[in-house]
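Notes follow once the structure below has been shown.
The values are calculated or read from the model by the stated rules, or taken from the named source; none is laboratory data. Quantities reported herein were computed from a predicted structural model and do not represent experimental measurements. Cβ placement follows ideal geometry from the backbone for every residue including glycine, while neighbour counts extend to all protein chains displayed. Ligands, DNA and RNA are excluded from the accessible area calculation, which covers all protein heavy atoms including side chains. Shrake-Rupley method; radii C 1.70, N 1.55, O 1.52, S 1.80 Å.
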Amino acid sequence: MSYSVSGTTITLTRGDTFKAQISITDREGNPYTPVEGDSIRFAMKAKYSDPEPLALIDIPIDTMLLVIKPEDTHDLAFGTYVYDIQLTKFNGDVDTFITTAKLKLTEEVH
């Protein structure tokens with residue numbers, strides 16, 4: 001495997017595939033199962049103050065599988081990025097349930 005996860009920190013070899021099962025719980029620890037009309041999105045930036053994300057990835061609500069494809073990171077510089085994951089419910093409520101998270105891109109040797 002070319003990646004590791006520690007808490008909300010992902011370490012990934014640049015240009016490799018990352019796959020992780022995502023789960024959502026409320027403040028009491030109860031699981032939330034997305035329903036039709038909900039959407040979940042991963043957003044990554046170099047720093048929080050950047051106006052636009054470097055990557056926006058929709059996470060399917062039926063699989064809850066986050067997949068970062070090689071083309072999502074291949075052209076990025078090595079280093080540490082920030083990301084969050086946000087749930088938008090069918091009724092318009094928004095919950096950013098993973099915040100202040102980091103993605104570290106490491107070098108590959110070819």
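Per residue, what accessible area does segment 45-110 have, given a 1.4 Å probe and all protein chains present, in Å²? Before the final figure, lay out each step's value.
On the way: 4170 Å² over 66 residues.
Computed with neighbouring chains in place, this is 63 Å² per residue.
What's the longest piece of the chain with no exposed trypsin sites (Lys or Arg not before Pro), counting a site as exposed if DSSP puts it in a loop and it has at most 15 other beta carbons within 10 Å? Can you show the working numbers first?
On the way: sites that count: Arg27, Lys47, Lys89.
It runs 48-88.
Using R₀ = 35 Å, calculate the FRET efficiency as 1/(1 + (r/R₀)^6) where r is the Cβ-Cβ separation of His74 and Asp95; round to 0.05.
Details: r = 31 Å, r/R0 = 0.88.
Rounded to the nearest 0.05, the efficiency is 0.70.
Go through Thr13, Thr73 and list them by solvent-accessible area, largest first, probe radius 1.4 Å.
Numbers: Thr13 25, Thr73 0 Å².
Largest accessible area first, the list is Thr13, Thr73.
Quick one: Karplus J couplings for segment 79-87, per residue in order, coefficients 6.51, -1.76, 1.60, θ = phi - 60°, nearest Hz, x for Gly and Pro?
For segment 79-87, the Karplus-derived couplings read x, 10, 10, 10, 8, 9, 10, 10, 9 Hz, x marking Gly and Pro.
Leaving ligands and nucleic acids out of the surface, order Glu108, Glu71 by accessible area at 1.4 Å, largest first. Please report the intermediate quantities before stating the final value.
On the way: Glu108 45, Glu71 125 Å².
Correct descending sequence by accessible area is Glu71, Glu108.
With +1 on the Cβ of every Lys and Arg and -1 on the Cβ of every Asp and Glu, and nothing else charged, how large is the dipole of segment 1-83 about its Cα centre, in debye rounded to the nearest 20? Provide the component values of the computation, followed by the final result.
On the way: 7 positive and 12 negative charges, 68 e Å.
Dipole magnitude for segment 1-83 comes out near 320 debye.
For Tyr32 and Lys104 in one chain, what is 0.36 nm times their gap in residues minus the Cα-Cα distance, to one decimal in nm?
On the way: separation 72, 0.36 × 72 = 25.92 nm, distance 2.82 nm.
My answer for the length gained is 23.1 nm.
Roughly how big is segment 10-57's charge dipole about its Cα centre, with Cβ charges of +1 (Lys, Arg) and -1 (Asp, Glu), in debye to the nearest 20? Mind showing how you got there, number by number?
On the way: 6 positive and 7 negative charges, 56 e Å.
That gives a dipole near 260 debye.
Given an 8 Å cut-off on Cα distances and at least 6 residues of separation, report the relative contact order of the chain as a percent. The partial results should precede the final answer.
Numbers: 221 pairs, mean separation 35.9, N = 110.
RCO, the chain: 33 percent.
Would you mind telling me the share, in percent, of accessible area of segment 62-110 contributed by carbon and sulfur at probe 1.4 angstrom?
50 percent
Can you pull the percent of segment 1-52's accessible area that's carbon plus sulfur, 1.4 Å probe, other chains left in place? Write down the numbers at each step before the final one.
Details: 1660 of 3450 Å².
Here carbon and sulfur together make up 48 percent of the probe-accessible area.
Have a look at Leu87, Ala77, Thr100 and report the one farthest towards the positive end of the charge dipole of segment 53-110, computed about the Cα centre with Cβ charges (Lys/Arg +1, Asp/Glu -1).
Going by the charge dipole, the pick is Thr100.
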